[in-house]
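A short write-up of the structure that comes next.
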Amino acid sequence: MATNPMHQFQVHRIGPEINIAGIDLSFTNASLFMLLSAAAICGVLFLGTKQKKIIPDKFQLISEIFYNFIAKMISDTAGSKAKPYFPFIFSLFMFVLFCNMLGMLPYSFTVTSHIIVTLLMAMFIFIAVTVIGFAKHGFGYLKLFVPNGVPVVLMPLITVIEIISYLSRPVSLSVRLFANMMAGHTMLKVFGGFVISLGVLGGWLPLGFSVALTGLEILVAFLQAYVFAILTCIYLNDALNLHH
Amino acid sequence: MANLNDFKTRLKIAKEKLKSSYENADNKGNTSSMGSAFKLSTDLVAHVAVGTIIGFIFDSWFDTKPWLIIIFFFLGSISGILNVIKTAKQMQEKD
(Lines give C-alpha, C1' and ligand atoms only; values in the text may rest on other atoms or scores of the structure.)
Protein backbone atom coordinates (compact mmCIF):
# COMPACT_ATOMS: atom_id res chain seq x y z
CA MET A 1 0.00 0.00 0.00
CA ALA A 2 2.89 2.36 0.66
CA THR A 3 3.68 2.57 -3.06
CA ASN A 4 0.14 3.60 -3.96
CA PRO A 5 0.39 7.29 -4.88
CA MET A 6 -3.15 7.97 -3.65
CA HIS A 7 -2.48 6.44 -0.22
CA GLN A 8 -1.28 9.82 1.11
CA PHE A 9 -4.75 11.34 0.70
CA GLN A 10 -6.53 8.86 2.97
CA VAL A 11 -8.28 10.39 5.94
CA HIS A 12 -8.08 8.18 9.01
CA ARG A 13 -9.23 8.53 12.56
CA ILE A 14 -6.89 9.45 15.40
CA GLY A 15 -8.10 8.48 18.86
CA PRO A 16 -11.63 7.43 19.80
CA GLU A 17 -14.65 7.48 17.55
CA ILE A 18 -16.99 10.40 18.30
CA ASN A 19 -20.49 10.08 16.95
CA ILE A 20 -23.00 12.84 17.66
CA ALA A 21 -26.54 12.55 16.24
CA GLY A 22 -25.41 10.17 13.52
CA ILE A 23 -22.61 12.47 12.32
CA ASP A 24 -19.05 11.22 12.56
CA LEU A 25 -17.14 13.95 14.36
CA SER A 26 -13.99 11.95 15.14
CA PHE A 27 -10.62 13.62 15.24
CA THR A 28 -8.77 12.74 12.02
CA ASN A 29 -5.39 13.42 10.50
CA ALA A 30 -7.06 16.22 8.49
CA SER A 31 -8.22 17.90 11.71
CA LEU A 32 -4.74 17.42 13.16
CA PHE A 33 -3.07 19.21 10.26
CA MET A 34 -5.64 22.01 10.26
CA LEU A 35 -4.93 22.55 13.95
CA LEU A 36 -1.19 22.37 13.33
CA SER A 37 -1.31 25.01 10.62
CA ALA A 38 -3.52 27.27 12.75
CA ALA A 39 -1.07 26.82 15.62
CA ALA A 40 1.89 27.55 13.33
CA ILE A 41 0.25 30.77 12.10
CA CYS A 42 -0.50 31.86 15.66
CA GLY A 43 3.04 30.98 16.72
CA VAL A 44 4.73 32.93 13.92
CA LEU A 45 2.50 35.98 14.37
CA PHE A 46 2.79 35.87 18.17
CA LEU A 47 6.58 35.73 18.03
CA GLY A 48 6.54 38.43 15.37
CA THR A 49 4.44 40.89 17.33
CA LYS A 50 5.80 40.18 20.82
CA GLN A 51 8.43 42.91 20.84
CA LYS A 52 8.17 45.77 18.40
CA LYS A 53 11.77 46.51 17.56
CA ILE A 54 12.98 49.26 15.22
CA ILE A 55 15.32 46.70 13.69
CA PRO A 56 13.08 43.65 13.30
CA ASP A 57 14.16 40.12 14.02
CA LYS A 58 13.27 37.21 11.71
CA PHE A 59 9.75 36.56 13.00
CA GLN A 60 8.83 40.25 13.09
CA LEU A 61 10.19 40.66 9.58
CA ILE A 62 8.15 37.78 8.18
CA SER A 63 4.98 38.98 9.93
CA GLU A 64 5.50 42.47 8.49
CA ILE A 65 6.09 41.03 5.02
CA PHE A 66 2.85 39.04 5.24
CA TYR A 67 0.95 42.08 6.49
CA ASN A 68 2.29 44.39 3.78
CA PHE A 69 1.74 41.80 1.08
CA ILE A 70 -1.94 41.33 1.92
CA ALA A 71 -2.56 45.03 2.59
CA LYS A 72 -1.09 45.94 -0.80
CA MET A 73 -3.03 43.18 -2.54
CA ILE A 74 -6.32 44.41 -1.06
CA SER A 75 -5.61 48.07 -1.86
CA ASP A 76 -4.57 47.21 -5.42
CA THR A 77 -7.49 45.01 -6.31
CA ALA A 78 -10.46 46.06 -4.19
CA GLY A 79 -9.67 49.66 -3.15
CA SER A 80 -10.11 51.37 0.20
CA LYS A 81 -13.66 50.14 0.78
CA ALA A 82 -12.36 46.60 1.27
CA LYS A 83 -10.15 47.61 4.21
CA PRO A 84 -12.58 46.27 6.87
CA TYR A 85 -12.30 42.80 5.30
CA PHE A 86 -8.53 42.69 5.80
CA PRO A 87 -8.65 40.27 8.80
CA PHE A 88 -10.73 37.78 6.88
CA ILE A 89 -8.56 37.79 3.75
CA PHE A 90 -5.40 37.70 5.85
CA SER A 91 -6.54 34.64 7.82
CA LEU A 92 -7.74 32.96 4.65
CA PHE A 93 -4.42 33.49 2.87
CA MET A 94 -2.38 32.40 5.88
CA PHE A 95 -4.48 29.28 6.44
CA VAL A 96 -4.27 28.13 2.82
CA LEU A 97 -0.57 28.97 2.64
CA PHE A 98 0.31 27.11 5.85
CA CYS A 99 -1.83 24.09 4.94
CA ASN A 100 -0.12 23.89 1.55
CA MET A 101 3.33 24.35 3.03
CA LEU A 102 2.82 21.84 5.86
CA GLY A 103 1.70 19.41 3.18
CA MET A 104 5.12 19.72 1.56
CA LEU A 105 6.79 18.08 4.59
CA PRO A 106 7.38 14.33 4.15
CA TYR A 107 4.83 12.06 5.92
CA SER A 108 2.45 14.97 6.39
CA PHE A 109 -1.11 15.33 5.19
CA THR A 110 -2.25 18.05 2.77
CA VAL A 111 -5.57 19.39 4.00
CA THR A 112 -6.18 21.45 0.84
CA SER A 113 -5.91 18.37 -1.40
CA HIS A 114 -9.47 17.43 -0.38
CA ILE A 115 -12.19 19.13 -2.36
CA ILE A 116 -14.56 19.32 0.59
CA VAL A 117 -12.15 21.61 2.46
CA THR A 118 -11.58 23.95 -0.48
CA LEU A 119 -15.25 23.90 -1.48
CA LEU A 120 -16.25 24.86 2.05
CA MET A 121 -13.96 27.90 1.94
CA ALA A 122 -15.07 28.81 -1.58
CA MET A 123 -18.78 28.50 -0.72
CA PHE A 124 -18.26 30.63 2.38
CA ILE A 125 -16.62 33.34 0.25
CA PHE A 126 -19.32 33.06 -2.41
CA ILE A 127 -22.20 33.37 0.06
CA ALA A 128 -20.46 36.13 2.01
CA VAL A 129 -19.79 38.15 -1.15
CA THR A 130 -23.40 37.73 -2.30
CA VAL A 131 -24.72 38.83 1.10
CA ILE A 132 -22.35 41.82 1.17
CA GLY A 133 -23.39 42.78 -2.35
CA PHE A 134 -27.10 42.72 -1.51
CA ALA A 135 -26.52 44.49 1.79
CA LYS A 136 -24.57 47.34 0.12
CA HIS A 137 -26.64 47.78 -3.03
CA GLY A 138 -29.99 46.16 -2.33
CA PHE A 139 -31.57 44.78 -5.47
CA GLY A 140 -29.25 47.03 -7.47
CA TYR A 141 -26.71 44.24 -7.05
CA LEU A 142 -28.64 42.32 -9.69
CA LYS A 143 -27.29 44.86 -12.21
CA LEU A 144 -24.16 42.72 -12.09
CA PHE A 145 -25.98 40.29 -14.36
CA VAL A 146 -27.07 42.96 -16.86
CA PRO A 147 -24.03 44.57 -18.48
CA ASN A 148 -24.35 48.03 -19.99
CA GLY A 149 -24.64 48.55 -23.72
CA VAL A 150 -26.16 45.21 -24.63
CA PRO A 151 -28.92 45.19 -27.27
CA VAL A 152 -32.36 44.30 -25.88
CA VAL A 153 -32.61 41.24 -28.13
CA LEU A 154 -29.49 39.70 -26.63
CA MET A 155 -30.38 40.65 -23.05
CA PRO A 156 -31.92 37.33 -21.87
CA LEU A 157 -29.04 35.35 -23.33
CA ILE A 158 -26.38 37.58 -21.79
CA THR A 159 -28.13 37.51 -18.42
CA VAL A 160 -28.19 33.70 -18.40
CA ILE A 161 -24.53 33.62 -19.37
CA GLU A 162 -23.63 36.10 -16.63
CA ILE A 163 -25.53 34.04 -14.05
CA ILE A 164 -23.67 30.88 -15.11
CA SER A 165 -20.44 32.83 -14.87
CA TYR A 166 -21.35 34.03 -11.36
CA LEU A 167 -22.34 30.54 -10.18
CA SER A 168 -19.14 29.00 -11.48
CA ARG A 169 -17.01 31.16 -9.15
CA PRO A 170 -17.02 28.80 -6.15
CA VAL A 171 -16.50 25.81 -8.43
CA SER A 172 -13.45 27.21 -10.17
CA LEU A 173 -12.08 28.61 -6.91
CA SER A 174 -12.28 25.29 -5.10
CA VAL A 175 -11.34 23.01 -7.99
CA ARG A 176 -8.24 25.06 -8.79
CA LEU A 177 -6.74 24.73 -5.32
CA PHE A 178 -7.74 21.11 -4.81
CA ALA A 179 -6.64 19.91 -8.26
CA ASN A 180 -3.28 21.65 -8.11
CA MET A 181 -2.44 20.29 -4.68
CA MET A 182 -3.65 16.77 -5.42
CA ALA A 183 -1.99 16.55 -8.85
CA GLY A 184 1.30 17.88 -7.52
CA HIS A 185 1.46 15.52 -4.57
CA THR A 186 0.47 12.51 -6.67
CA MET A 187 3.19 13.38 -9.19
CA LEU A 188 5.80 13.65 -6.43
CA LYS A 189 4.76 10.23 -5.09
CA VAL A 190 4.85 8.64 -8.57
CA PHE A 191 8.37 9.92 -9.25
CA GLY A 192 9.39 8.76 -5.77
CA GLY A 193 8.09 5.31 -6.67
CA PHE A 194 10.16 5.33 -9.89
CA VAL A 195 13.32 5.96 -7.88
CA ILE A 196 12.68 2.82 -5.81
CA SER A 197 11.67 0.58 -8.71
CA LEU A 198 14.56 1.60 -11.01
CA GLY A 199 17.12 1.06 -8.27
CA VAL A 200 20.69 2.34 -8.01
CA LEU A 201 21.37 2.21 -11.77
CA GLY A 202 18.36 3.97 -13.25
CA GLY A 203 16.94 5.81 -10.27
CA TRP A 204 19.00 8.97 -10.60
CA LEU A 205 16.93 10.57 -13.35
CA PRO A 206 13.58 10.37 -11.50
CA LEU A 207 15.40 11.48 -8.35
CA GLY A 208 16.48 14.64 -10.17
CA PHE A 209 12.92 15.14 -11.39
CA SER A 210 11.68 14.70 -7.83
CA VAL A 211 14.00 17.42 -6.57
CA ALA A 212 12.92 19.79 -9.34
CA LEU A 213 9.25 18.99 -8.77
CA THR A 214 9.59 19.66 -5.06
CA GLY A 215 10.76 23.16 -5.89
CA LEU A 216 7.91 23.60 -8.33
CA GLU A 217 5.42 22.34 -5.75
CA ILE A 218 6.62 24.87 -3.17
CA LEU A 219 6.08 27.59 -5.77
CA VAL A 220 2.62 26.21 -6.59
CA ALA A 221 1.75 25.99 -2.88
CA PHE A 222 2.48 29.69 -2.47
CA LEU A 223 0.91 30.68 -5.78
CA GLN A 224 -2.34 28.87 -5.10
CA ALA A 225 -2.72 30.58 -1.74
CA TYR A 226 -2.03 33.89 -3.49
CA VAL A 227 -4.55 33.20 -6.28
CA PHE A 228 -7.16 32.11 -3.75
CA ALA A 229 -6.74 35.33 -1.78
CA ILE A 230 -6.58 37.62 -4.80
CA LEU A 231 -9.72 36.13 -6.34
CA THR A 232 -11.49 36.70 -3.03
CA CYS A 233 -10.41 40.35 -3.32
CA ILE A 234 -11.66 40.57 -6.91
CA TYR A 235 -15.05 39.09 -5.98
CA LEU A 236 -15.23 41.45 -3.01
CA ASN A 237 -14.45 44.33 -5.35
CA ASP A 238 -17.40 43.35 -7.55
CA ALA A 239 -19.66 43.38 -4.50
CA LEU A 240 -18.37 46.66 -3.05
CA ASN A 241 -17.75 48.85 -6.11
CA LEU A 242 -20.57 47.93 -8.42
CA HIS A 243 -20.08 49.41 -11.88
CA HIS A 244 -21.03 47.63 -15.00
CA MET B 1 14.97 64.86 19.45
CA ALA B 2 16.19 65.11 15.88
CA ASN B 3 16.07 61.37 15.63
CA LEU B 4 12.45 61.24 16.79
CA ASN B 5 11.42 64.03 14.39
CA ASP B 6 13.15 62.23 11.59
CA PHE B 7 11.17 59.12 12.44
CA LYS B 8 7.94 61.13 12.56
CA THR B 9 8.45 62.56 9.08
CA ARG B 10 9.30 59.13 7.75
CA LEU B 11 6.14 57.72 9.31
CA LYS B 12 4.13 60.57 7.77
CA ILE B 13 5.59 59.94 4.32
CA ALA B 14 4.92 56.21 4.63
CA LYS B 15 1.33 56.81 5.73
CA GLU B 16 0.72 59.18 2.83
CA LYS B 17 2.15 56.67 0.42
CA LEU B 18 -0.19 53.97 1.77
CA LYS B 19 -3.14 56.36 1.58
CA SER B 20 -2.44 57.35 -2.00
CA SER B 21 -2.00 53.73 -2.98
CA TYR B 22 -5.43 53.05 -1.51
CA GLU B 23 -6.91 56.03 -3.38
CA ASN B 24 -5.29 55.30 -6.71
CA ALA B 25 -6.32 51.69 -6.57
CA ASP B 26 -7.81 50.71 -9.86
CA ASN B 27 -10.18 47.83 -10.06
CA LYS B 28 -8.13 45.55 -12.23
CA GLY B 29 -6.78 42.30 -10.96
CA ASN B 30 -3.06 42.48 -10.42
CA THR B 31 -2.43 38.76 -10.62
CA SER B 32 0.96 37.57 -11.66
CA SER B 33 0.98 35.97 -15.08
CA MET B 34 1.26 32.43 -13.74
CA GLY B 35 -1.65 33.10 -11.40
CA SER B 36 -3.77 34.28 -14.32
CA ALA B 37 -2.79 31.17 -16.27
CA PHE B 38 -4.11 28.98 -13.45
CA LYS B 39 -7.23 31.15 -13.27
CA LEU B 40 -7.94 30.96 -17.01
CA SER B 41 -7.51 27.21 -17.31
CA THR B 42 -9.80 26.28 -14.43
CA ASP B 43 -12.34 28.99 -15.25
CA LEU B 44 -12.92 27.58 -18.71
CA VAL B 45 -13.60 24.10 -17.30
CA ALA B 46 -15.68 25.33 -14.37
CA HIS B 47 -18.02 27.40 -16.55
CA VAL B 48 -18.77 24.45 -18.83
CA ALA B 49 -19.26 22.13 -15.84
CA VAL B 50 -21.59 24.55 -14.04
CA GLY B 51 -23.61 25.14 -17.22
CA THR B 52 -24.04 21.41 -17.74
CA ILE B 53 -25.03 20.83 -14.11
CA ILE B 54 -27.65 23.61 -14.30
CA GLY B 55 -29.00 22.03 -17.49
CA PHE B 56 -29.16 18.63 -15.82
CA ILE B 57 -31.06 20.00 -12.81
CA PHE B 58 -33.53 21.92 -15.00
CA ASP B 59 -34.04 18.83 -17.13
CA SER B 60 -35.08 16.73 -14.16
CA TRP B 61 -37.32 19.58 -12.90
CA PHE B 62 -39.19 20.21 -16.13
CA ASP B 63 -38.90 16.68 -17.52
CA THR B 64 -37.44 17.87 -20.81
CA LYS B 65 -34.55 15.45 -21.15
CA PRO B 66 -32.21 15.91 -23.03
CA TRP B 67 -32.83 19.39 -24.43
CA LEU B 68 -31.92 21.73 -21.59
CA ILE B 69 -28.69 19.92 -20.79
CA ILE B 70 -27.60 20.42 -24.41
CA ILE B 71 -28.59 24.11 -24.43
CA PHE B 72 -26.94 24.83 -21.10
CA PHE B 73 -23.79 22.96 -22.09
CA PHE B 74 -23.37 25.39 -24.98
CA LEU B 75 -24.33 28.39 -22.83
CA GLY B 76 -21.68 27.31 -20.32
CA SER B 77 -19.08 27.02 -23.08
CA ILE B 78 -19.98 30.49 -24.40
CA SER B 79 -19.76 31.86 -20.88
CA GLY B 80 -16.36 30.26 -20.36
CA ILE B 81 -14.95 31.60 -23.62
CA LEU B 82 -16.36 35.10 -23.00
CA ASN B 83 -14.79 35.05 -19.56
CA VAL B 84 -11.40 34.12 -20.98
CA ILE B 85 -11.68 36.95 -23.53
CA LYS B 86 -12.64 39.39 -20.76
CA THR B 87 -9.70 38.38 -18.57
CA ALA B 88 -7.30 38.53 -21.51
CA LYS B 89 -8.52 42.05 -22.37
CA GLN B 90 -7.98 43.16 -18.77
CA MET B 91 -4.47 41.73 -18.85
CA GLN B 92 -3.73 43.61 -22.07
CA GLU B 93 -5.03 46.90 -20.71
CA LYS B 94 -2.71 46.58 -17.73
CA ASP B 95 0.43 46.33 -19.88
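Worth a mention:
- The set of residues in segment A:181-202 being away from every other protein chain (no Cβ under 14 Å) and not aliphatic (A, V, I, L, M) consists of A:HIS185, A:THR186, A:LYS189, A:PHE191, A:GLY192, A:GLY193, A:PHE194, A:SER197, A:GLY199, A:GLY202.
- In segment B:65-75 there is at least one residue that is at the interface with chain A (Cβ under 8 Å from one of its Cβ atoms) and modelled with pLDDT of 90 or more.
- In the condition set (1) loosely packed, with under 14 Cβ neighbours inside 10 Å; (2) in contact (Cβ under 8 Å) with a residue 60 or more places away in the chain, A:GLN8 is compliant with all but (1).
- Failed item in (1) hydrophobic (A, V, I, L, M, F, W, C); (2) within 21 Å of B:VAL84 (Cα to Cα); (3) more than 14 Å from chain B (Cβ to nearest Cβ), with A:PHE109 passing the rest: (2)
- Verdict on A:PHE178 being away from chain B (no Cβ under 14 Å), part of a helix (DSSP H, G or I) and aromatic (Phe, Trp, Tyr): no
- Pairing each residue of segment B:57-70 that is surrounded by 13 or more Cβ atoms within 10 Å (Cβ to Cβ) with any residue that is basic (Lys, Arg) and outside any helix (DSSP H, G or I), provided the two are 6+ apart or on different chains, yields C-beta distances under 6 Å for B:ASP59/B:LYS65.
- The residue of segment A:203-241 that is nearest to the other protein chains (Cβ to nearest Cβ), among those that are over 28 Å from A:GLY79 (Cβ atoms) and aromatic (Phe, Trp, Tyr), is A:PHE209.
- Listed by position, the helices (runs of 4 or more DSSP H) inside segment A:44-137 whose residues that are of a type in the set (D, E, K, R) and either under 30 Å from A:THR186 (Cα atoms) or without any contact (Cβ under 8 Å) to a residue 60 or more places away in the chain (or both) number at least 3 are A:58-78.
Here is a yes/no grid of residues against (1) among the polar types (S, T, N, Q); (2) in a helix (DSSP H, G or I); (3) without any contact (Cβ under 8 Å) to a residue 40 or more places away in the chain:
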site: A:ASN148; (1), (2), (3): yes, no, no
site: A:LEU154; (1), (2), (3): no, yes, yes
site: A:LEU167; (1), (2), (3): no, yes, yes
site: A:VAL171; (1), (2), (3): no, yes, no
site: A:SER174; (1), (2), (3): yes, yes, no
site: A:GLY193; (1), (2), (3): no, yes, no
site: A:LEU205; (1), (2), (3): no, yes, yes
site: A:ILE218; (1), (2), (3): no, yes, no
site: A:LEU242; (1), (2), (3): no, no, no
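- The conditions of being closer than 28 Å to B:LYS17 by Cα, under 26 Å from the mean Cα position of the chain (by Cα) and not hydrophobic (A, V, I, L, M, F, W, C) are not met by A:SER31.
- Annotation for segment A:125-141: at least one member residue is within 14 Å of chain B (Cβ to nearest Cβ) and either surrounded by 15 or more Cβ atoms within 10 Å (Cβ to Cβ) or among the charged types (D, E, K, R) (or both).
- When residues of segment A:144-158 are limited to those that are more than 11 Å from chain B (Cβ to nearest Cβ) and of a type in the set (Val, Ile, Thr), the one nearest to A:ASP238 (Cα to Cα): A:VAL146
The values are calculated or read from the model by the stated rules, or taken from the named source; none is laboratory data. In this text the structure is predicted, and so the values were computed from the model without any measurement. Cβ sites come from the backbone with ideal geometry, for glycine too, and all protein chains shown count toward neighbours.
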